[in-house]
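One structure is given below, encoded as structure tokens.
The values are calculated or read from the model by the stated rules, or taken from the named source; none is laboratory data. Keep in mind it's a predicted model, so treat the numbers as computed, not measured. We place every Cβ from the backbone using ideal geometry, glycine too, and count neighbours over all the protein chains shown.
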Amino acid sequence: MKNLNETIVAIATPLGRGGIGIVRVSGPKVKAIIKSILKKTLQPKFAHFGLFYGAQDQVIDQGIAIFFASPDSFTGEDVLELHAHGSPVILDQLIKNILRLGARVAEPGEFSRRAFLNNKIDLAQAEAVADLIAISSERAVISAVNSLQGKFSEKINQILDALIKLRTLVEASIDFEEAESLGNKKMLEEIARIIQQIERVENTAKQGVLLREGINVAIIGKPNAGKSSLLNCLSGKDAAIVTEIAGTTRDVLREYIHIDGMPIHIVDTAGLQISKNIIEQEGIKRTWDEIEKADEILLIADDNVTKETNPEILLPSSFRGEQNMSSRGLTAGSSTKNKITVIKNKIDLTGEKARIENDVIYLSAKTGVGIDLLKEQLKKKVGFVDQTQGLFIARRRHLNALQKAKGWLNAAKLPDQGIELIAENLRLTQNNLSEITGAFTTDDLLDEIFSEFCIGK
């Protein structure tokens, strides 16, 4: 991160042509830049229409200028926004002129980072800014707005308040050599209560992660079982070629959909079979690669051909050649097998009813009958619930921090521990929770988080 006392500038709107393009400036030289570019003084928080001047007082454009005086701005510094016509040439001229006046180009996420460092927002709120820009469903937008308004941080701070009170009592008992004065039973009850608070937040955060990241779903099976038809049915369009010829799909096809706001990354794969065709062999290899990466696997079988529902029989080891199924983690009881949902397809030909029986889904990818059952089953397997109230957007780092904090608290509950060790466990718990809001963090973590932001945010 460069010097925070420098003035930074960036285009805040997407690249390309548009009706409006916004240039954002933040830092101590904003007022001087206003005087040079606009030739007048701006009243804070008012929209001013005027001309934008260049180096030789030539007119670059005309538009709206808004000045936000420190500390009443997004970054907490003096901020200028120039709303110009959305021509890349005009915006580039404005940027060059502002650079000439002593600013530098902002780094990714630097405006949000300055807002965080100037205590305008905490780290969870800053991440919500980036998520609000990137997410693609209405429910995710609502959740990101909740995080941006501080609802996630509020829950974390409530836990921290209870934890700090407990730490104060524990450490006071050390200072006064009265380890029993706190009362072991009372202390354990308070630790258990805080663990329950963390678990409630953790459950909501899991929903937030699903809304933000979604799941990866791989459709696999033998050739002509209906994998491409299922992809088309789920995506609502003819994304894959469907024919009666087996082996039409030889490469990986990807589609992106939503189920009740949860993003689903669907992958259609090459049919699994024994093949001497080099191209088909490469497609089958890529299929196994997708199986390993998937969060959920839809193993589709033609109900008109086989009544078998056992995944290890539907996917014999010979399909893998010299590397059998056990080497790829598909043995009974394995975590990969637990990700498999068996689908009996083509019930429009067999006359079977659409249903879920022993976790096997009977449907028709051609007619769409039973597809709703599949969608509900996917939500159930990943623990996604239909709710909007109280949700907030979350990231995997938040879940990791919550899980580590819970681990330290569980360690503090272990019997026969000295009061000093309990106090240390509570301190580490506080550090992990504080990483979520940024009250306790490292520059490396900040660099990693803000590097994912766009330049003008």
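Among the residues of region 1-35, those that are among the basic types (Lys, Arg) and under 36 Å from the mean Cα position of the chain (by Cα) comprise LYS2, ARG17, ARG24, LYS29. Among the residues of region 119-139, the one identified as buried (at least 19 other Cβ atoms within 10 Å of the Cβ), without any contact (Cβ under 8 Å) to a residue 60 or more places away in the chain and under 16 Å from GLU77 (Cβ atoms) is ILE121.
Being touching a helix residue (DSSP H, G or I) at 6+ places or on another chain (Cβ under 6 Å), in contact (Cβ under 8 Å) with a residue 12 or more places away in the chain and assigned to a helix (DSSP H, G or I) is a description that applies to PHE116.
Only one of the listed residues (VAL267, VAL252, VAL242) is modelled with pLDDT under 90, surrounded by fewer than 21 Cβ atoms within 10 Å (Cβ to Cβ), outside the structural domain of LYS406 (by TED's automatic domain parsing) and in contact with a strand residue (DSSP E or B) (Cβ under 8 Å, 6 or more places away or on another chain). That residue is VAL252. Per the conditions (1) in a strand (DSSP E or B); (2) crowded, with 22+ Cβ neighbours inside 10 Å, the sole criterion not satisfied by GLN62 is (2). Just need a number here: residues in region 270-303 that are buried (at least 18 other Cβ atoms within 10 Å of the Cβ), modelled with pLDDT of 75 or more and assigned to a loop (DSSP other than H, G, I, E, B). Going through region 270-303 one residue at a time, the tally reaches 2.
Does LYS227 count as modelled with pLDDT under 65, assigned by TED's automatic domain parsing to the domain that holds ILE371 and under 17 Å from ILE371 (Cβ atoms)? When the stated conditions are applied, LYS227 does not pass them.
Just to be sure before I move on: is VAL105 surrounded by fewer than 21 Cβ atoms within 10 Å (Cβ to Cβ) and either more than 30 Å from PHE52 (Cβ to Cβ) or free of Cβ contacts under 8 Å to residues at least 60 places away in the same chain (or both) in the structure I sent?
no
Number of residues in region 210-229 that are among the hydrophobic types (A, V, I, L, M, F, W, C), buried (at least 24 other Cβ atoms within 10 Å of the Cβ) and farther than 13 Å from ILE257 by Cα equals 4. On inspection, ILE343 fails the criterion of being in a helix (DSSP H, G or I), modelled with pLDDT of 50 or more and within 25 Å of SER229 (Cβ to Cβ). Residues of region 408-446 that are surrounded by fewer than 21 Cβ atoms within 10 Å (Cβ to Cβ), of a type in the set (Gly, Ala, Ser) and closer than 18 Å to GLN196 by Cα: ALA411, SER434. If you go through region 102-145 and keep only what is among the polar types (S, T, N, Q), in contact with a Ser or Thr (Cβ under 9 Å, 6 or more places away or on another chain) and over 23 Å from VAL9 (Cβ atoms), you end up with GLN125, SER143. For region 82-91, the set of residues classified as over 15 Å from ALA65 (Cα atoms) and either among the small types (Gly, Ala, Ser) or under 32 Å from the mean Cα position of the chain (by Cα) (or both) consists of SER87, PRO88, listed by residue number.
For the residues PHE74, PHE52, the requirement of being crowded, with 17+ Cβ neighbours inside 10 Å, in a strand (DSSP E or B) and either out of contact with any Leu (no Cβ under 6 Å at 6 or more places or on another chain) or of a type in the set (Val, Ile, Thr) (or both) singles out PHE52. Residues that are charged (D, E, K, R), surrounded by fewer than 17 Cβ atoms within 10 Å (Cβ to Cβ) and farther than 30 Å from THR204 by Cβ are absent from region 363-370 altogether. Quick one: is LEU99 buried (at least 18 other Cβ atoms within 10 Å of the Cβ) and either in the same structural domain as ARG17 (by TED's automatic domain parsing) or of a type in the set (Lys, Arg) (or both)? Considered against the rule, which asks whether it is buried (at least 18 other Cβ atoms within 10 Å of the Cβ) and either in the same structural domain as ARG17 (by TED's automatic domain parsing) or of a type in the set (Lys, Arg) (or both), LEU99 comes out as no.
Condition test on LEU38, is it over 26 Å from SER451 (Cβ atoms), over 39 Å from the mean Cα position of the chain (by Cα), at pLDDT 95 or above and surrounded by fewer than 18 Cβ atoms within 10 Å (Cβ to Cβ)? Considered against the rule, which asks whether it is over 26 Å from SER451 (Cβ atoms), over 39 Å from the mean Cα position of the chain (by Cα), at pLDDT 95 or above and surrounded by fewer than 18 Cβ atoms within 10 Å (Cβ to Cβ), LEU38 comes out as no. Considering each residue of region 143-159 in turn, none proves to be more than 25 Å from GLY407 (Cα to Cα) and charged (D, E, K, R).
Within region 394-448, restricting attention to residues that are of a type in the set (Ser, Thr, Tyr) and modelled with pLDDT of 90 or more, the residue that is nearest to ILE191 (Cα to Cα) is THR429. Applying the set (1) part of a helix (DSSP H, G or I); (2) surrounded by 21 or more Cβ atoms within 10 Å (Cβ to Cβ); (3) acidic (Asp, Glu) to ASP161 leaves exactly one unmet item: (2).
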